[in-house]
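Got a structure for you, written out below as structure tokens; questions coming shortly.
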Amino acid sequence: MSVVATPKGRRRGWLLAACLVWVGVLLLVPLIGIVITALEPGVHVVTETVRAPDVIHALELTAVITVISVVVTALFGVVVAWVLVRQRFWGRALLNATVDLPFALSPVTVGLAALVLFGPGGWLAPFFESRGIQIIFALPSMILVTVFICVPFTIREVVPVLEEIGLDEEDASRTLGASVWQTFFRVTLPNIRWALAYGVALTTARAIGEIGAVLIVSGLLQGKTETATLFIFRAYEERQIPAADVVALLLAAVSVTLLVVIEFLRHRQERERSRT
Amino acid sequence: MSTPIVVEGLTKRFGSFRAVTDVTFTAPAGAITALLGPSGSGKSTVLRMIAGLEEPTAGRIVMGDEELTVKSVQERRVGFVFQHYALFRHMTVADNVGFGLRVRKEDKAVREARVRELLELVHLEPFADRYPEQLSGGQRQRVALARALAPAPKVLLLDEPFGALDAKVRQDLRRWLDELHRELGVTSLLVTHDQEEALELANQIVVMHEGRVEQVGSPGEIYDQPATPFVAGFVGAANVLHGEVVGGQIHLGSIRIPGAAHLDEGAAAAAFVRPHDVRVTSGNGDVAAVVERVASLGWLSRVSLKLPGGETLVAHVPNDDLHGVGEGDTIQVDLRNPKAFLAPESTTERADVPAGA
């Protein structure tokens with residue numbers, strides 16, 4: 001290639017090589033490591049692991065938490081995004097900034113905050129205890145912290161698209177006799193669908209991988225409040241390295257699949273945005 | 001199916017900003033009424049209030065015998081055409097046009113027939129399955145018009161419909177809209193800042209300025225009998241000459257301009273003279289002026305004249321009347337049909353006459 005021959009081209013060549021090494025060593029090598037260590041003992045370890053009741057339960061729990069978190073954050077995310085873009089009100093800037101709070105906070109902090117509220121002697125604990133509802137060390141608190149951490153993803157994807165689309169199409173829909181709901185489902189939603197899907201994909205990846213906050217609120221009850229990431233965490237502690245590796249590989253596979261889906265969606269979204 | 005629209009005392013404030021103040025006019029049934037004014041004059045806000053897209057601070061809107069003010073956008077049954085088309089980008093042309101019937105739960109067969117009928121009307125049948133992004137600006141605006149007309153609205157509201165198009169397409173579409181309107185006869189309100197567009201298309205013009213109505217009248221009245229200095233300056237090009245009222249005339253150095261009998265003696269006055277009302281005469285004219293520049297506009301010329309007092313006067317003179325007059329020559333001109341007003345400060349802005357009036 002002629003570009004590499006020029007000094008400028010050579011510099012660019014070095015830069016490219018540096019980037020590849022950086023990404024390769026930092027991101028891909030660990031992944032390859034997991035694949036090799038998980039598959040090394042043989043396929044029977046994989047089949048045994050995925051049949052273990054603890055593992056099945058952990059995967060199911062992760063799935064439940066993820067699905068609920070995704071549905072809740074997507075639903076409220078669209079509403080918040082719509083309000084942020086379409087309405088002018090006092091405190092809008094504050095709301096806009098608050099939405100990003102989970103990006104800035106360490107998940108461990110989020111977990112501790114949940115403990116303060118719902119934990120033994122927590123502010124809201126008496127209220128729920130008197131009604132026999134178990135929040136902390138149970139599914140509700142795990143969903144709660146996961147939702148908290150996932151709040152910004154949908155909103156941050158949908159807001160710019162709503163801003164770009166503007167009000168004209170919604171106004172047109174209403175002058176044509178559509179109700180507010182018809183306008184939302186027939187005009188607004190189709191226009192933001194790829195941004196929303198992208199937000200959902202990011203939320204899913206984040207919810208599956210969450211450990212910090214969940215670790216604190218779960219109480220680490222094996223077979224009860226143990227998610228997939230918590231299982232890996234415990235399995236390593238207890239020297240069940242092969243089982244930990246297999247579940248880690250499983251999570252990695254899901255993440256990589258999601259990554260591919262996300263890339264695909266981003267392409268669709270960019271194509272959609274480029275047409276006006 | 002045509003219905004008049006009556007607007008009474010319509011007012012809109014955004015916070016402390018008065019966008020529209022006490023606007024009153026009637027758009028006659030079956031006619032095109034143009035809301036004409038510079039940007040920021042509140043004309044679009046009036047249109048959006050009629051559609052229900054903005055809520056008036058005060059005033060009422062009546063369509064036929066229906067009080068519109070209390071109705072939601074959805075119930076008003078108005079057709080609205082936006083400057084930037086506002087087509088639904090994820091729907092085909094046919095789905096766009098059929099949208100209004102679809103949300104009103106119209107029968108599918110009826111809807112399809114109506115969509116075909118309208119696409120035929122706007123000459124876009126072959127484009128039924130295309131998406132808006134695959135159409136040109138002019139085609140998109142025709143789709144938007146077909147979409148607005150599909151649910152058979154009682155009135156059609158057009159918000160700068162040609163504003164985003166280039167000059168040639170704008171001309172074609174304007175002529176086409178005129179024909180379409182003659183065919184359909186639906187009461188229409190057209191918002192525009194283009195006086196040519198308003199004069200050509202409208203049966204009635206409402207001139208707006210800073211949120212208020214300056215004048216309501218036929219295109220002829222607006223052009224020939226402007227009620228305010230603003231209208232005189234905004235509709236059609238005009239020279240503005242400032243002087244003093246003496247005995248029913250405006251005195252400006254040695255120049256005497258008639259038509260100021262209604263103004264107080266001694267008042268500062270402004271006379272508006274249209275470029276085509278500056279006539280070259282062979283005998284003694286109202287004033288002798290020095291030709292500064294002659295620019296050809298085809299069959300006529302735009303002649304810049306310097307008056308004895310130093311003011312510049314722009315004249316549009318048919319080439320035949322110029323008789324080879326060149327720059328530096330002194331010619332005699334008459335000032336016909338001057339419109340005299342008390343001189344407000346703001347009218348001086350328009351002293352520079354744009355070409356092509």
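Considering only the range B:288-321, state which residues are more than 32 Å from the chain's Cα centre (by Cα) and surrounded by 18 or more Cβ atoms within 10 Å (Cβ to Cβ).
B:A289, B:V291
Something else about it: Within the range B:206-233, how many residues are on the phi > 0 side of the Ramachandran plot and in contact with a His (Cβ under 8 Å, 6 or more places away or on another chain)?
Selection size over the range B:206-233: 0.
Tell me, which helices (runs of 4 or more DSSP H) lie completely within the range A:207-276 with 3 or more residues that are surrounded by fewer than 20 Cβ atoms within 10 Å (Cβ to Cβ)?
Qualifying helices (runs of 4 or more DSSP H): A:228-237, A:241-274.
Among the numbered criteria (1) within 10 Å of chain B (Cβ to nearest Cβ); (2) open to solvent by 70 Å² or more (accessible area, probe 1.4 Å), which one does A:G177 miss?
(2) is the only condition that A:G177 fails.
Output the helices (runs of 4 or more DSSP H) that fall wholly within the range B:18-117 and possess 1 or more residues being under 21 Å from A:F185 (Cα atoms), open to solvent by less than 10 Å² (accessible area, probe 1.4 Å) and at pLDDT 95 or above, or say none.
Ranges flagged: B:93-103.
Determine whether A:A74 is open to solvent by less than 80 Å² (accessible area, probe 1.4 Å) and free of Cβ contacts under 8 Å to residues at least 60 places away in the same chain.
no
For B:Q171, state whether it is within 23 Å of B:E197 (Cβ to Cβ), at the interface with chain A (Cβ under 9 Å from one of its Cβ atoms) and modelled with pLDDT under 95.
In short, no.
Could you list, ordered by first residue, the pairs with Cβ atoms under 6 Å in which the first is in the range A:172-187 and among the basic types (K, R) and the second is open to solvent by less than 40 Å² (accessible area, probe 1.4 Å), at least 6 apart or interchain?
From residues that are among the basic types (K, R), the pairs are A:R174/A:T183; A:R174/B:V73.
Show the residue pairs meeting these rules: Cβ distance below 8 Å; 6+ apart or different chains; first residue within the range B:44-66 and within 14 Å of another protein chain (Cβ to nearest Cβ) and closer than 9 Å to B:V20 by Cβ; second residue open to solvent by less than 20 Å² (accessible area, probe 1.4 Å) and among the β-branched types (V, I, T).
Close Cβ pairs (under 8 Å, with a partner that is open to solvent by less than 20 Å² (accessible area, probe 1.4 Å) and among the β-branched types (V, I, T)) amount to B:T45/B:V20; B:M49/B:V20; B:M49/B:I61.
Restricting attention to the range B:107-151, which residues are touching a residue at least 12 places away in the same chain (Cβ under 8 Å) and acidic (D, E)?
If the condition is that a residue be touching a residue at least 12 places away in the same chain (Cβ under 8 Å) and acidic (D, E), then B:E112, B:D129, B:E133 are the ones that fit.
Let me ask you something else. What single numbered condition from (1) within 14 Å of another protein chain (Cβ to nearest Cβ); (2) out of contact with any strand residue (DSSP E or B) (no Cβ under 9 Å at 6 or more places or on another chain); (3) in a helix (DSSP H, G or I) fails to hold for B:G220?
With respect to (1) within 14 Å of another protein chain (Cβ to nearest Cβ); (2) out of contact with any strand residue (DSSP E or B) (no Cβ under 9 Å at 6 or more places or on another chain); (3) in a helix (DSSP H, G or I), B:G220 is out only on (1).
The values are calculated or read from the model by the stated rules, or taken from the named source; none is laboratory data. What you see is a predicted model; the values in this text were computed from it and never measured. All Cβ positions, even for glycine, are placed from backbone atoms using ideal geometry, and neighbour counts span all protein chains on display. Side chains are part of the model used for accessible areas, which takes the heavy atoms of the whole protein and leaves out ligands, DNA and RNA. Shrake-Rupley method; radii C 1.70, N 1.55, O 1.52, S 1.80 Å.
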